[in-house]
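Data first, discussion second: the structure below is written as structure tokens.
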Amino acid sequence: MPYPYVLLSAAVSLDGYLDDTGPERLLLSSPADFDRVDEVRASVDAILIGAGTIRADNPRLLVNSPERRAARVAAGRPAYPLKVAVSGSGDLDPEAKFWHTGGEKVVYTTDKGAERARRVGLGLGGADGGGADVDVVAVGVGLDWRRVLEHLHDVRGVERLMVEGGGTVHTQLLQQGLADELQLVLAPLFVGDPKAPRLFGPGAYQGGRLRLVETRRIEDVVLMRYEPTAPGAGSLPSAADRRWLSLACELATRCPPSSTAFSVGAVIVAADGTELARGHSREGDDPVVHAEEAALAKIEAGDPRLASATVYSSLEPCARRASRPVPCAGLILEAGVRRVVTAWREPDTFVAGADGSGLLAGAGVDVVVLDEYETSAKAPNRHLVG
């Protein structure tokens, strides 16, 4: 299912702390950076925080600039983004500022947590009509981040989600491969208290290095923007999967036009997020080469990274072809790749009953179809499929 674009936003000390242990919140950002954060808030559809942040900071979480709110309204959007809280237990203070400022609010919780939240007065005016006007959404026995994101996208129409903490929320989203971007502000001070909250906790994160896409000095702090690059695992898509598949769809637009073959792009990415090769249909001087074939030809046979790599292809790898003895699905199996992410199942335009995904899955390959990219994959092939 499609998810919103998930942007994690945080400020930390030089030694990686979100706050100290004093009674007042430690201000890590500069005034100019607070204004930047306000600008980012104004650009998104929803802002999310965990219950721990509500308890610790009692934030209002608003777009403070009247001009930015007016611009949102002029664009046909509500003055404030949707405010989202996440709590596994439902242990929430109905008097917190979060519930009584700004626009619409929703809390995602467990089945038991929903009962508790409603008992204290959260949920469409509260149980007695005197509580906070909040939509309480239960997502099951446990707190499932994928269900939360699906509901935000499909039911609430959220395309861009800003996550402002706390550390547990940031940690879980990164560990599950659900964060599209990390905006990290580094403040020039130390906390040094092991009891203070840190940005990221222990656990299993995706491997590899994040890609640095921007650095910016803002008064005495530094903003760094990172994108995760490591593919997902098995049948579960990651945010990086979407970015790599988008690149494959862009590569398809570079194909020389043809009335007898699809335009397809492909990228092969190692488990640590390293791009191994890319290719597109009819690349170079070969009028019949396929995208996956072109990409695989650029990697030395037997490269040990292929066994844990992911092939991204805008169109599912072919199961049958006339121009070569081995179809692309067969080439992928021969290379030892065990995971493929694609945007579009092959229509019957040239081959009836094509099912490269089925061939691969039957051989034990994990095949992930992200059909939200089907329109992009079809774009350079409109003359073939309408």
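Read-outs throughout are calculated quantities, based only on the coordinates presented, and are distinct from any laboratory measurement. As the structure is a computational prediction, the values presented were derived from the model and not from experiment. Heads up, the Cβs are rebuilt from the backbone with ideal geometry, glycines too, and the neighbour counts pull from every protein chain shown.
Residue by residue through segment 78-92, which ³J(HN,Hα) values in whole Hz follow from phi under the Karplus form 6.51 cos²θ - 1.76 cosθ + 1.60 (θ = phi - 60°), with glycine and proline marked x?
x, 4, 10, x, 4, 9, 10, 10, 10, 8, x, 8, x, 7, 10
Taking the Cα centre of each part, how many Å lie between segment 151-176 and segment 1-56?
Here the answer is 13 Å between Cα centres.
Within segment 199-266, list the trypsin sites (Lys or Arg not before Pro) lying in a DSSP loop whose Cβ has at most 16 other Cβ atoms in a 10 Å radius. Don't skip to the end; give the middle numbers.
Numbers: sites: R209, R211, R216, R217, R225, R242, R243, R254; in loops: R209, R254.
When the trypsin sites (Lys or Arg not before Pro) of segment 199-266 are filtered for loop state and at most 16 Cβ neighbours within 10 Å, R209, R254 remain.
On average over all directions, what projected area in square nanometres does segment 5-227 have, based on the convex hull of its Cα atoms?
If you wrap the Cα atoms of segment 5-227 in a convex hull and average its projections, you get 12.7 nm².
Along each of the three principal axes of the Cα atoms of the chain, give the extent in whole Å, ordering the values from largest to smallest.
Principal extents (Cα only, largest first): 70, 46, 41 Å.
DSSP loop (so not H, G, I, E, B), at most 15 other Cβ within 10 Å: list which chymotrypsin sites (Phe, Trp or Tyr not before Pro) in segment 165-218 pass both filters. Mind dumping the intermediate values first?
Values: sites: F190, F200, Y205; in loops: F190, F200, Y205.
Passing both the DSSP loop test and the Cβ count: F190, Y205.
What does the highest-first list of 173-180, 97-104, 331-338 look like by mean Cβ count within 10 Å?
Working: 173-180: 21.1, 97-104: 17.2, 331-338: 19.4.
With the highest mean Cβ count within 10 Å placed first, the list reads 173-180, 331-338, 97-104.
Which far-off residues, 5 or more places away or on another chain, put their amide H under 5 Å from the one on Y5, with H placed in the peptide plane?
Result for Y5 returns R160, L161.
Taking the Cβ-Cβ separation of T260 and T21 as r and a Förster radius of 45 Å, what is the calculated FRET efficiency to the nearest 0.05? Don't skip to the end; give the middle numbers.
Details: r = 69 Å, r/R0 = 1.53.
So, using R0 = 45 Å, E works out to roughly 0.05.
Helix 31-43 sits at what angle to the longest principal axis of the chain, using alpha carbons and giving 0 to 90 degrees rounded to 10?
Taking Cα atoms only, the helix is inclined about 60 degrees.
Across segment 210-217, in residue order, what do the Karplus-derived ³J(HN,Hα) couplings come to in whole Hz, using 6.51 cos²θ - 1.76 cosθ + 1.60 with θ = phi - 60° and x for Gly and Pro?
In residue order, the calculated couplings are 6, 8, 7, 10, 6, 10, 8, 7 Hz.
Once a ≥ b ≥ c are taken as the square roots of the eigenvalues of the Cα gyration tensor of segment 239-385, is the result rounded (a/c under 1.5), prolate (a/b larger than b/c) or oblate (a/b not larger than b/c)?
Working: a/c = 1.34, a/b = 1.28, b/c = 1.05.
Judged from the Cα gyration tensor, segment 239-385 comes out rounded (a/c under 1.5).
Over all Cα pairs of segment 1-131, how is the pair count split among 10 Å bins, expressed in % and running from 0 up to the last occupied bin?
Distribution as computed: 11, 36, 35, 16, 1 percent.
Can you give the Rg to Rh ratio of segment 321-386, both from alpha-carbon atoms, with Rh computed by the Kirkwood formula? Walk me through the intermediate numbers first.
Numbers: Rg = 12.7 Å, Rh = 13.0 Å.
Result: Rg/Rh = 0.98.
Tell me, what ³J(HN,Hα) does each residue in segment 361-373 have, in order and in whole Hz, if you take phi through Karplus 6.51 cos²θ - 1.76 cosθ + 1.60 with θ = phi - 60° and put x for Gly and Pro?
4, x, 8, x, 7, 6, 10, 10, 10, 9, 6, 5, 9
Amide H to amide H, which residues 5 or more places from L276 or on other chains are under 5 Å from it, using H placed in the peptide plane?
Hits under the 5 Å cutoff: I268, V269, A270.
Near the amide H of D20, under 5 Å away, which other amide H atoms are found, from residues 5 or more places off or on another chain, if H is placed in the peptide plane?
The answer is L26.
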